[in-house]
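Beneath this line is the structure, given in structure tokens, with notes to follow.
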Amino acid sequence: MALFRNNMIHDILKQIGAFIKEPVNIEIPDEVVGKLTQAVSLLSTSAWAVAETQRAYTEKVYEEAQRHTKASPTLAKMLIAGACKDEKYTVDLAEGYNKELHYTIEALRSALSYLKEESKQSKQ
């Protein structure tokens, strides 16, 4: 059984997806800091999920390739792609969420920098 058929990977990806969709009020510093902390925490989990889904996808491709050794290369490629479509989708989803977490972290850091500057200027 492929690893990412395991509920744990799907649960992790659902958690990351839900986190990404959560709105944040960038005018409230504590909310920005909290969201940034969560994003950084999820980033390592996301990187692990990417690695695990890629490993499982590679194993599935290898297994399917072994089943289609007598097919022509073009046919074998199509058969393997069809058999591994769910695994490939999960890899793409994990990679996309990982990239989105990176973008979210950068955006939240920018928002914090802006809030710090605004705070300094209001004190002057």
| task | Determine which lysines satisfy two conditions relative to Lys14: a Cα distance under 16 Å, and not lying fewer than 8 residues away in the same chain. | result | Lys99
| the chain: calculated mean residue ellipticity at 222 nm from DSSP helix runs of at least 4, using -39500 (n - 2.57) | -30000 deg cm²/dmol
| Calculated FRET efficiency, Glu27 and Leu79, Cβ-Cβ r, R0 41 Å, to nearest 0.05? | 0.15
| field | Residue order, fewest to most surrounding Cβ atoms within 10 angstrom, among Ile105, Ile12 | value | Ile105, Ile12
| field | Options (i) 77, 27, 18; (ii) 51, 41, 28; (iii) 54, 41, 31 - which one matches Cα extents along the principal axes in Å as calculated here | value | (i)
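FYI, it's all coordinate maths here, none of it is from the lab. Please read these numbers as outputs of a predicted model, since none were measured by experiment. Quick reminder, even Gly has a Cβ in these numbers, built from the backbone with ideal geometry, and neighbours come from all protein chains shown.
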